[in-house]
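Below: one structure, written as structure tokens.
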Amino acid sequence: MCTIDSCPCGFVSAMQLPCKHILAVRKSLSLSVYDESLCANRWHVQYFLGNHNAYLPNDMNDDSGADHGIEISTHTSAVLSEQQKYRKAFKVAQRLCQQVSTFGMRDFNEGLDVLQSVANLWNEGKKVSVGEATHQVSNKYYNNGIFSAILVIHFLL
């Protein structure tokens, strides 16, 4: 049975917001449909301003992509939420996908194999260290005959 502040439907527990049933009960009783206590902190403006990417310090929301390299930092200035980590990793993954999609088929397949190897190793709970390797190639992705986008993967057990 639905009351002015609880309902057994799945929406309330999943979204941590009042469902249409709670709003209907509140409206039928001539109560304000909005009650801040019915909403989880993540839906409040203060939480948004403190946690949304656009409002984080510049060092945590750099979208410029000017470097186009992958930066690995062992020092963090703040503990990130799972969502913040996802967004940061997603941006890097998008850049990797964009880059590998421009390769010819042979290099595309090699690059995709590297990315799949990293994903598989992480799935197995292994740590991966990435270094740069060079070899001779004859396509548009070389610089003075040296291709430097191939990665060497070291498995750290």
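The values are calculated or read from the model by the stated rules, or taken from the named source; none is laboratory data. As the structure is a computational prediction, the values presented were derived from the model and not from experiment. When we count neighbours, we look across all protein chains shown, and the Cβ atoms used for this are built from the backbone with ideal geometry, even at glycine.
The rows are residues; the columns are (1) modelled with pLDDT of 85 or more; (2) outside any helix (DSSP H, G or I); (3) of a type in the set (Ser, Thr, Tyr).
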{"residue": "GLY69", "(1), (2), (3)": "no, yes, no"}
{"residue": "HIS75", "(1), (2), (3)": "no, yes, no"}
{"residue": "LYS88", "(1), (2), (3)": "yes, no, no"}
{"residue": "VAL92", "(1), (2), (3)": "yes, no, no"}
{"residue": "ARG95", "(1), (2), (3)": "yes, no, no"}
{"residue": "ASP107", "(1), (2), (3)": "yes, no, no"}
{"residue": "GLY125", "(1), (2), (3)": "yes, yes, no"}
{"residue": "VAL130", "(1), (2), (3)": "no, yes, no"}
{"residue": "LYS140", "(1), (2), (3)": "no, yes, no"}
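How many residues, within region 10-53, are more than 30 Å from VAL79 (Cα to Cα) and among the charged types (D, E, K, R)?
4
Per-residue answers, yes or no, for (1) assigned by TED's automatic domain parsing to the domain that holds ALA78; (2) part of a helix (DSSP H, G or I); (3) at negative phi; (4) among the hydroxyl-bearing types (Ser, Thr, Tyr):
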residue: ALA14; (1), (2), (3), (4): no, yes, yes, no
residue: LEU17; (1), (2), (3), (4): no, no, yes, no
residue: VAL25; (1), (2), (3), (4): no, yes, yes, no
residue: SER30; (1), (2), (3), (4): no, no, no, yes
residue: TYR34; (1), (2), (3), (4): no, no, yes, yes
residue: SER37; (1), (2), (3), (4): no, yes, yes, yes
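Can you tell me which residue is modelled with the lowest pLDDT among those in region 1-56 that are of a type in the set (Gly, Ala, Ser) and under 25 Å from GLN84 (Cβ atoms)?
So the first thing to find is which residues in region 1-56 are of a type in the set (Gly, Ala, Ser), and the list is 6, 10, 13-14, 24, 28, 30, 32, 37, 40, 50, 54.
After this cut, where a residue has to be under 25 Å from GLN84 (Cβ atoms) as well, the list is 13-14, 40, 50, 54.
Numbers: SER13: 85, ALA14: 86, ALA40: 87, GLY50: 73, ALA54: 62.
So the residue we want is ALA54.
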